[in-house]
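Enquirer: Take this structure, written in structure tokens, and hold onto it; I'll ask about it next.
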């Protein structure tokens with residue numbers, strides 16, 4: 001989506017705030033002994049309360065209101081009977097629509113106690129996202145997002161999952177300009193047009209390179225196996241940089 005009117009930005013901010021608030025409420029509710037289905041039910045109730053429609057379920061028939069991925073699961077985890085335990089690394093991805101506008105956000109959370117290396121991975125994962133967002137602006141190179149994140153990851157000895165990309169969003173969950181690599185690529189000459197709505201969501205890892213699909217046809221795992229974190233915002237490109245619409249409030 002490319003924003004051309006103020007009311008479009010207003011609509012995106014409404015759904016962006018809803019998904020951000022839902023994500024934060026789910027994170028606060030996490031505790032050992034609850035199942036991922038319990039956690040998803042909380043998210044569903046919050047989205048429904050605010051008049052929002054879970055996007056993966058509505059768009060793709062995903063079996064849940066949100067994606068909840070634990071430890072070896074790195075994305076698209078199906079909410080179910082898995083019990084959360086102390087020490088787990090949990091990724092929550094919330095995307096939804098309201099009044100024809102879509103927003104997408106996600107984050108990885110540590111359930112204490114965790115290893116210092118996992119704590120550091122989470123901090124650096126959020127920093128990688130912030131570095132990517134800093135590259136967003138009118139008429140800037142789209143590939144600049146992946147180049148900047150790649151420099152950061154390499155300098156700190158991390159890897160990036162290279163088949164899970166950022167994407168256009170706004171009037172649909174996934175739309176033009178298609179996939180946006182969050183790792184360095186050659187030959188991508190696309191530029192960021194003014195008003196473009198996109199996600200920035202690097203998957204930072206300590207050794208993982210690819211996402212592979214599990215037996216349920218949804219859940220993704222790291223290959224080779226390694227810890228992975230994901231942080232994601234929906235942003236709008238302007239002449240002054242990025243507006244983050246997935247802010248709680």
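The values are calculated or read from the model by the stated rules, or taken from the named source; none is laboratory data. Just so it is clear, the model here is predicted, and its values are computed rather than measured. Here the Cβ positions follow ideal geometry from the backbone for every residue, glycine too, while neighbour counts run over all protein chains shown.
Enquirer: Can you find even one residue in the range 195-205 that is touching a residue at least 40 places away in the same chain (Cβ under 8 Å), more than 30 Å from residue 63 (Cβ to Cβ) and assigned to a loop (DSSP other than H, G, I, E, B)?
Expert: Applying the first criterion (touching a residue at least 40 places away in the same chain (Cβ under 8 Å)) to the range 195-205 yields 195-205.
Filter once more, so that each one left must be more than 30 Å from residue 63 (Cβ to Cβ): 195-196.
Remaining after also requiring assigned to a loop (DSSP other than H, G, I, E, B): 195.
Yes, there is a match, as at least one residue in the range 195-205 is touching a residue at least 40 places away in the same chain (Cβ under 8 Å), more than 30 Å from residue 63 (Cβ to Cβ) and assigned to a loop (DSSP other than H, G, I, E, B).
Enquirer: Is the range 181-192 home to any residue that is within 19 Å of residue 123 (Cα to Cα) and at pLDDT 95 or above? Give the derivation first.
Expert: Residues of the range 181-192 within 19 Å of residue 123 (Cα to Cα): 182-183.
When the remaining residues are screened for being at pLDDT 95 or above, the result is 182-183.
So far as the range 181-192 goes, yes, one or more of its residues are within 19 Å of residue 123 (Cα to Cα) and at pLDDT 95 or above.
Enquirer: So which of 151, 190, 162 is in contact with a helix residue (DSSP H, G or I) (Cβ under 8 Å, 6 or more places away or on another chain) and either surrounded by fewer than 20 Cβ atoms within 10 Å (Cβ to Cβ) or more than 24 Å from residue 20 (Cβ to Cβ) (or both)? Full working, then the answer.
Expert: Working: 151 fails: in contact with a helix residue (DSSP H, G or I) (Cβ under 8 Å, 6 or more places away or on another chain); 162 fails: in contact with a helix residue (DSSP H, G or I) (Cβ under 8 Å, 6 or more places away or on another chain).
190 is the lone residue from the list that is in contact with a helix residue (DSSP H, G or I) (Cβ under 8 Å, 6 or more places away or on another chain) and either surrounded by fewer than 20 Cβ atoms within 10 Å (Cβ to Cβ) or more than 24 Å from residue 20 (Cβ to Cβ) (or both).
Enquirer: Counting just the residues of the range 134-146 that are in contact with a strand residue (DSSP E or B) (Cβ under 8 Å, 6 or more places away or on another chain) and surrounded by fewer than 20 Cβ atoms within 10 Å (Cβ to Cβ), which one comes out farthest from residue 87 (Cα to Cα)?
Expert: Among them, the one singled out is 139.
Enquirer: So, in the range 83-109, of the ones that are part of a loop (DSSP other than H, G, I, E, B) and in contact with a strand residue (DSSP E or B) (Cβ under 8 Å, 6 or more places away or on another chain), which residue ends up farthest from residue 35 (Cα to Cα)?
Expert: Within the range 83-109, the first condition is being part of a loop (DSSP other than H, G, I, E, B), and the residues that meet it are 84-88, 99-100.
Adding the requirement that they be in contact with a strand residue (DSSP E or B) (Cβ under 8 Å, 6 or more places away or on another chain) leaves 84, 88.
Details: 84: 6, 88: 12 Å.
If we take residues in the range 83-109 being part of a loop (DSSP other than H, G, I, E, B) and in contact with a strand residue (DSSP E or B) (Cβ under 8 Å, 6 or more places away or on another chain), then 88 is farthest from residue 35 (Cα to Cα).
Enquirer: Now, a different point. Among the listed residues 25, 107, 96, which satisfies the condition of being without any contact (Cβ under 8 Å) to a residue 40 or more places away in the chain, closer than 18 Å to residue 233 by Cβ and touching a helix residue (DSSP H, G or I) at 6+ places or on another chain (Cβ under 9 Å)?
Expert: Details: 107 fails: without any contact (Cβ under 8 Å) to a residue 40 or more places away in the chain; 96 fails: without any contact (Cβ under 8 Å) to a residue 40 or more places away in the chain.
The conditions single out 25.
Enquirer: Here is a follow-up. Could you list, in sequence order, all residues of the range 229-249 that are part of a loop (DSSP other than H, G, I, E, B) and buried (at least 16 other Cβ atoms within 10 Å of the Cβ)? If you could, list the steps in order and put the result at the bottom.
Expert: Initial filter on the range 229-249 (part of a loop (DSSP other than H, G, I, E, B)): 231, 239-240, 245-249.
Correct list: 231, 245, 246.
Enquirer: Do we have any residue at all in the range 213-228 that's in contact with a helix residue (DSSP H, G or I) (Cβ under 8 Å, 6 or more places away or on another chain) and assigned to a strand (DSSP E or B)?
Expert: no
Enquirer: If you don't mind, another one. For the range 40-50, check the following and say yes or no: at least one residue is at positive phi and at pLDDT 95 or above. Steps first, please.
Expert: Keep residues of the range 40-50 that are at positive phi, which gives none.
The answer is no; no qualifying residue exists.
Enquirer: Another question, if that's okay. Before we move on, is residue 80 closer than 24 Å to residue 225 by Cβ, in contact with a helix residue (DSSP H, G or I) (Cβ under 7 Å, 6 or more places away or on another chain), modelled with pLDDT of 95 or more and outside any strand (DSSP E or B)? Give the derivation first.
Expert: On the way: closer than 24 Å to residue 225 by Cβ: yes; in contact with a helix residue (DSSP H, G or I) (Cβ under 7 Å, 6 or more places away or on another chain): yes; modelled with pLDDT of 95 or more: yes; outside any strand (DSSP E or B): yes.
Answer is yes for this residue.
Enquirer: Say whether the condition of being without any contact (Cβ under 8 Å) to a residue 40 or more places away in the chain, exposed (fewer than 14 other Cβ atoms within 10 Å of the Cβ) and over 20 Å from residue 202 (Cβ atoms) is met by at least one residue in the range 34-48.
Expert: Here is the first cut: in the range 34-48, the residues without any contact (Cβ under 8 Å) to a residue 40 or more places away in the chain are 38, 40-42, 44-46, 48.
The next check asks that each one be exposed (fewer than 14 other Cβ atoms within 10 Å of the Cβ); those that pass are 45, 48.
Applying the additional criterion that residues be over 20 Å from residue 202 (Cβ atoms) yields 45, 48.
Yes, the conditions are met somewhere in the range 34-48.
Enquirer: Then there is this: Within the bounds of the range 110-129, is there any residue that is surrounded by fewer than 19 Cβ atoms within 10 Å (Cβ to Cβ), out of contact with any strand residue (DSSP E or B) (no Cβ under 8 Å at 6 or more places or on another chain), closer than 17 Å to residue 238 by Cα and at pLDDT 95 or above?
Expert: Within the range 110-129, none of the residues are surrounded by fewer than 19 Cβ atoms within 10 Å (Cβ to Cβ), out of contact with any strand residue (DSSP E or B) (no Cβ under 8 Å at 6 or more places or on another chain), closer than 17 Å to residue 238 by Cα and at pLDDT 95 or above.
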